[in-house]
Amino acid sequence: MLKPPFHFRKFFYCFLAFALGIVVANKLYSGHVATIITIVLTFCALATGFFLFGRWKGLLFILAFFFIGNGSYYLSDYLYAPNTYSGECMIVGRVSFVSSNSSYVYLDNVMVGGEKAKNMCAYLSIEDDIAIGDKVVFTSTIEKIDLFRNDSFSSSYLRAGVAYKTSIDENNYQIVASGQFSYDESLRFKVKDMLEEYMPKENANICYAMLFGDKNDLNSSVKELFSLAGISHILVVSGLHVGFLVGMIFGLLRLLKLKRIPSTIITFIILLLYNIVCGFSPSVVRASIMAIVLMLSKVFGGEYDGLNSLGLAGFITLLIQPLFVFDYGFLMSYGCVAAIYLLCPTLTKLFRKFLPRKAGDLIAVSISASLGFLPFLAMFASKVNLLSPFINLLIVPIFSIFFPVLFIISLIAFVIPILSPLLVVLSYIIDFMILLASFFAGTDLYFPLKVPALATVIVYFASMINLSRIKMSAKSTKFISFCVLGILLIVTILI
């Protein structure tokens, strides 16, 4: 029997099969020819490899998780909004979100006709201001939300648990209570007030977005600037933020000389609270689970495998909400981390031949991350800045210090208000980041992007796996495989 050419990561590959099963379920069973051909060819290639190297049990596992993913899609799609409402209904709900232009709000704690219902998006045609925490009563018709309308996925609805849409006009509503904030909302508002007291409003909004991932109050020009520069990821709470947060917590606990088990418990509690205030963003959940797995491996003396940890985090997230696999934040987060684990060791070895060790490592991580989220960036952006890996080389080290300090000051200033003026210093760092973003965004070195086909994404990441260390083949075999995959990638792009 031939020696298998891959290290088999059970959690990682089963997660990929599970996620793929969810993604293709609708088109696969509705007779979409391109999807059917792509899946058949993919599993034919897998079957050939698994049977050739005597790993047929692994193939059965992957097939099982693929079909479980199919079922999860249909189950979650049904459960997302199971009730149908007809005619005018009496609706009671609490405002949990107000859009930046005040054209719509999200309602939670919703009651329809006295029965509990899922969250709603209510479009406004009123002159009065409605604020977060207001409890409103009104009558209106209710319509189910189609998350996949016009071939685009409504991530914001899914994250907010919004399953219905309705409308509120001037003559049919009443505010019956105000200031009904949840604990996490109260915390966020207090932090925002403190930021705005010691910073210019726009800088305060940027810091608020960095802390909690809420970009609603950010100026559109700032969003576009950071996007064109290739650093918009620092404006949303991501694994980068959680990584720096965990590093800060461990550093503080080490100074206190706590043992691993209490340190792990404290870190877990802090991560849980942070997930709550960030609304359990997929990227934050992913990074938190991976951090916990890493800590547990150290506690129990087990070997930590990054790809398996990534697969476990993804599998847990999709078990809770399978439709997150269509969320751009989820896709970019997992694609980015997968690319780092797959490509970084090879690129690091290459760059260390002609660059200092730390410089080579930073460049390898930056390029790997950029390649990982590239196909998913194309789903909502028409171009990418070719210099984005290099601005990240400047921004990420700054951000690694800036974010923990911002977090600590924002947290401790409630107890020790004398620390609040330090936010003025952080505002100058924000000004410097904006200056860097303006320079790189103004270079006009952009590469046009098109939305990739499913086959293109599969071949793209298969190429990464081929180049990674988890493939144990000889260099000549890797080169031939890479050429074949390269040709397939070009063909799928052209088609």
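The values are calculated or read from the model by the stated rules, or taken from the named source; none is laboratory data. These figures come from a predicted structure and were not determined experimentally. Every residue, glycine among them, receives a Cβ derived from its backbone with ideal geometry; neighbour counts consider all protein chains shown. In case anyone asks, the SASA skips ligands and DNA or RNA and just uses the protein heavy atoms, side chains included. Shrake-Rupley method; radii C 1.70, N 1.55, O 1.52, S 1.80 Å.
Here are some notes:
- Dimensions in Å of the chain - Rg and Dmax from alpha carbons: 24.1, 77
- In Å², nearest 10: area of residue 315 left accessible to a 1.4 Å probe: 50
- For the set 192/223; 257/358; 10/298; 135/190, the pairs lying more than 25 angstrom apart at their alpha carbons are 257/358.
- Across the range 1-150, C-alpha contacts under 8 Å between residues 6 or more apart give a mean separation that, scaled by the residue count, equals a relative contact order of 22 percent.
- FRET efficiency, 1/(1 + (r/R0)^6) with R0 41 Å, evaluated for residue 129 and residue 353 via beta carbons: 0.10
- Residues in the range 100-144 that a label on residue 280 would reach, taking backbone N under 16 Å of a point 7 Å out along Cα→Cβ: 108-109, 118-119
- For the chain, accessible area per residue (1.4 Å probe, heavy atoms of protein chains only), Å²: 51
- Checking every one of the trypsin sites (Lys or Arg not before Pro) in the range 244-296 against DSSP loop status and a limit of 12 other Cβ atoms within 10 Å picks out 257, 259.
- Inter-part distance, the range 119-139 to the range 422-473, computed on C-alpha centroids, equals 38 Å.
- ³J(HN,Hα), Karplus 6.51/-1.76/1.60, whole Hz, each residue of the range 154-168, x for Gly, Pro: 8, 4, 5, 5, 4, 5, 8, x, 7, 10, 9, 10, 8, 8, 10
- Using a simple spin-label model with pseudo-atoms 7 Å out from Cα toward Cβ, residue 449 and residue 428 lie 3.5 nm apart.
- The chain: relative contact order in percent, alpha carbon pairs under 8 Å with at least 6 residues between: 15
- Between residue 115 and residue 252, the C-beta separation translates, for a Förster distance of 51 Å, into a calculated FRET efficiency of about 0.60.
- Of the residues 407, 29, 62, the one whose Cα sits farthest towards the positive end of the charge dipole of the chain is 62 (charges of +1 on Lys and Arg Cβ, -1 on Asp and Glu Cβ, taken about the Cα centre).
- Of all aspartates and glutamates in the structure, those lying under 15 Å Cα to Cα from residue 383, and not within fewer than 8 positions of it along the same chain, are 224, 444.
- In this label model, residue 60 and residue 10 are separated by 1.4 nm, measuring between points 7 Å along each Cα→Cβ vector.
- Whole-percent carbon and sulfur share, accessible surface of the chain, 1.4 Å: 67
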